[in-house]
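Chemist: Sharing a structure with you now.
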Amino acid sequence: MNPLPEESLRQLFEDARTPKSWSNKEVDPALLTQLYNLVKLAPTSGNCQPARFAFVTHVVSKEKLRSALSAGNVDHALNAPVIAIVAHDPLFYEELPTLYPEAELRSWYAEDIPFAEETAFRNSTLQGGYLILAARALGLDVWPMSGFDNSMVDTLFFEEQGWHSNFLICLGYAQKEQPSERLPRLDFQDACLML
């Protein structure tokens, strides 16, 4: 595998910023399909793919979400063209006979619910990270957030499916503004060990 060109790395990491405000440009629903089709290709443990995504775009659905958002997140989230709810299916293992037919993995999780929950949460978080990078690769701006009531979101949106929300990612196109200075990041020696 070859390294990405410098321009691609800049788009994904160096130049990308969390937007301060959103433009009025809509996100084409076909782009959300393309986004998911990239995310699903990225690795998860045992190809378990527990993440489920709800793309909140309609004004009625956004208003429904309003009551679950922390006060400081309401305006920024509801002004985004799309709010992706990154969730996981606690019964993800029911799909494993299709997703990983080479081994009998379903029973590992069906017989150990705490292990299944841990696996679902970890891997759906990983898939949410993939969604952020895939969105940036497709030219979208992203604003991940966790300031909301998970149980309320699950009741409002996932009662039928039984999914559990993890975090939210606002998607759209930032207002063209001067990029803000990046907040500090830890240096390698402060965050990494070479063992």
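The values are calculated or read from the model by the stated rules, or taken from the named source; none is laboratory data. As the structure is a prediction and not an experimental result, all values here were calculated from the model. Surface accessibility is based on the protein's heavy atoms, side chains included, excluding ligands, DNA and RNA. Shrake-Rupley method; radii C 1.70, N 1.55, O 1.52, S 1.80 Å.
Chemist: With runs of 4+ DSSP H residues as the only contributors, calculate the mean residue ellipticity of the chain at 222 nm using -39,500 (n - 2.57) per run, divided by the residue total and rounded to the nearest 500.
Modeler: Helices in the chain give a 222 nm mean residue ellipticity of -10500 deg cm²/dmol.
Chemist: Roughly how large, in nm² to one decimal, is the mean projection of the convex hull of the alpha-carbon atoms in segment 103-195?
Modeler: 10.8 nm²
Chemist: So if I take the centroid of the Cα atoms in segment 96-150 and the same for segment 1-52, what is the distance between those two points in Å?
Modeler: About 15 Å separates the Cα centre of segment 96-150 from the one of segment 1-52.
Chemist: Quick one: 3J(HN,Hα) in Hz for segment 68-80, Karplus 6.51/-1.76/1.60 with θ = phi - 60°, rounded, Gly and Pro as x.
Modeler: 3J(HN,Hα) across segment 68-80, in whole Hz: 8, 7, 4, 3, x, 9, 4, 4, 5, 5, 6, 7, 6.
Chemist: Could you grab the Rg to Rh ratio for the chain? Cα atoms only, Kirkwood for Rh.
Modeler: 0.99
Chemist: Using a cut-off of 25 Å between alpha-carbon atoms, which lysines can reach residue 176, once sequence neighbours fewer than 8 places away in the same chain are excluded?
Modeler: Partners within reach: 20, 25, 62.
Chemist: Measuring with a 1.4 Å probe in the full set of protein chains, what accessible area per residue, in whole Å², belongs to the chain?
Modeler: Each residue of the chain exposes 60 Å² on average to a 1.4 Å probe.
Chemist: Could you tell me what percent of the accessible area of segment 33-103 is made up of carbon and sulfur, with a 1.4 Å probe and every protein chain present?
Modeler: Here it works out to 53 percent.
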